[in-house]
Amino acid sequence: MTIGLTGGCLCGAVRYRLRGTPFHITHCHCRSCRRASGAAFVTWFTMRVHELEWRGEKPVQYHSSAAVSRGFCPHCGSTLTYFHESDPEEIDITAASLDNPEVLVPEHHTWWEQRLEWGTANAQGALPVHQRGGGM
């Protein structure tokens, strides 16, 4: 994997650079990730904490449970990180916040039992496709 990946939030106030190889690339379907992002699932990848360098502002932390903190931009609200105290050496980062998210390929789904049925590949594949806009 390419070393030196970069990314950030929607407004650009929070930026980061990665100095390692992403791993554990997953689509998470848990209720907590869905609520935090407002999406059917969130694609995360894991990095070693020491391989993540923040540039510009740092994310604000929200403790979504006793052992979990989620990082987001204090200006635009972009979801950026997930940190669980049980593994203090690792941090999850939203794949879509990368400048070039297509360089990562998800490896699996997690919390599949909590998925939204309309978010599955079969349900998505049955929908009409519009190259731009809502097609209305």
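The values are calculated or read from the model by the stated rules, or taken from the named source; none is laboratory data. This one's a predicted model, so the numbers in the text were calculated from it and none came from an experiment. Quick note on the areas: whole protein, heavy atoms, side chains included, nothing else; ligands and nucleic acids left out. Shrake-Rupley method; radii C 1.70, N 1.55, O 1.52, S 1.80 Å.
Numbers for the structure displayed
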item: Potential extension, residue 32-residue 52 segment - 0.36 nm per residue separation minus Cα distance; result: 4.8 nm
item: Chain lengthening between residue 75 and residue 118 when straightened (0.36 nm per residue, less Cα-Cα); result: 12.4 nm
item: 222 nm mean residue ellipticity, helices alone, for the chain (DSSP H n ≥ 4; -39,500 (n - 2.57); rounded to 500); result: -2000 deg cm²/dmol
item: For the range 5-119: rounded, prolate or oblate by the Cα gyration tensor [a/c cutoff 1.5]; result: rounded
item: Residue 49 - accessible surface, heavy atoms, 1.4 Å probe, Å² rounded to 10; result: 60 Å²
item: Mean separation of Cα contacts under 8 Å, 6 or more apart, over the residue count of the range 5-119: relative contact order %; result: 34 percent
item: Most mobile listed residue (22, 106, 88) in the chain, GNM with C-alpha springs under 10 Å; result: 88
